[in-house]
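One structure is given here, and the rest of the page talks about it.
The values are calculated or read from the model by the stated rules, or taken from the named source; none is laboratory data. These numbers come from a predicted model, not from an experiment. All Cβ positions, even for glycine, are placed from backbone atoms using ideal geometry, and neighbour counts span all protein chains on display. SASA here: full protein model, heavy atoms, side chains in, ligands and nucleic acids out. Shrake-Rupley method; radii C 1.70, N 1.55, O 1.52, S 1.80 Å.
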Amino acid sequence: MSPDEILAINEHRPWPLPRTPWIMRQTWNDLLFAHWSLAAGQLRALVPAQLELDLFDGKAWVAVTPFHMTDVAFRGIPPVPVLSTFPELNVRTYVTYRGKSGVFFFSLDAFNPPAVWGARLAYHLPYFYARMFVDVEEGGEYGTREVQYSSSRFRAPQAEFKGVYRPTSMAAESVPGTVEKFLTERYRLYTVHDGGVYGADIHHVPWKLQTAEATIARNTMASAAGINLPAGKPLLHFSKRLDVLVWPIRRV
């Protein structure tokens, strides 16, 4: 979708589009949401005190989200092949600040050194450079037969992910009031830097999710951030593609 087409679809947002111009576009591909629910007390000390944990049915949630990016470019600048396409893997939870919901990242791993250091400096985000591999086998009943994904961080704290995942249903928008809607329809990221709360808005059309299954052979992404994931199976969803617009980070 073009930026104008994305901006034209905005009735689903929890608050209006920012008045300032967006500065970057991205496309997120073959994304897996692997969510675990935890007692809020297990995360409270790991999230800055300025941010309130956002709970669903009294539980906090942690997601490990492998995907790969394409068409990453600043507004008005064409994508640079080497810099605009790379894998990324996030560990995140859900927070609110002054009544507005958002995402808080424990870590973001990417196979792109300039993106890692640029995001660390400009957005105050905990990006890490990692050796990553993605192989997508197209086809099958639900559009993607299989995604093989691996990530191994180059620097401490060490963190690894290795798994295979696939969609198991047709894509559909989440129903309001469901946990899927709560976990995915988020339009701001938050971070805390030098005691101040910063936020960056994003915009995209509503997620179209597919249920998913995964075989995860190795996953120390959350434990590297001090999070002990429960032993049960995670809640899994897949998204084939989402075009995203990003605004500058600012103190909120």
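Size descriptors for the range 118-202: radius of gyration and Dmax over Cα atoms are 17.4, 49 Å.
Averaging the Cα positions of each part gives two centres, and for the range 25-91 and the range 103-128 these lie 11 Å apart.
One quarter of the convex hull surface built on the alpha carbon atoms of the range 1-91 amounts to 8.3 nm², the projected area averaged over directions. Of all DSSP-defined beta bridges confined to the chain, some 95% are antiparallel rather than parallel. Peptide packing: for 46-59, 216-229, the average count of neighbouring Cβ atoms within 10 Å per residue gives the ranking 216-229, 46-59, highest mean first. Neighbours of I6 by Cβ distance under 9 Å: Lys/Arg scored +1, Asp/Glu scored -1, total -2.
Restricting the calculation to alpha carbons of the range 183-252 gives Rg and Dmax of 15.9, 40 angstrom. Largest first, the three principal axis extents of the alpha carbons in the chain are 43, 42, 39 Å in whole numbers. Taking one equal scatterer on every alpha-carbon of the range 136-252, how large is log10 of I(q)/I(0) by Debye at q = 0.11, 0.14, 0.18 1/Å? The Cα Debye sum returns log10 ratios of -0.52, -0.85, -1.25. Here the simple spin-label model places points 7 Å from the Cα toward Cβ, and for E146 and A8 these points are separated by 4.0 nm. The 1.4 Å probe gives accessible areas that order H12, H35, largest first, as H12, H35. Extension gain, T220 to V136, is 28.0 nm, computed as 0.36 nm per intervening residue step minus the present C-alpha separation.
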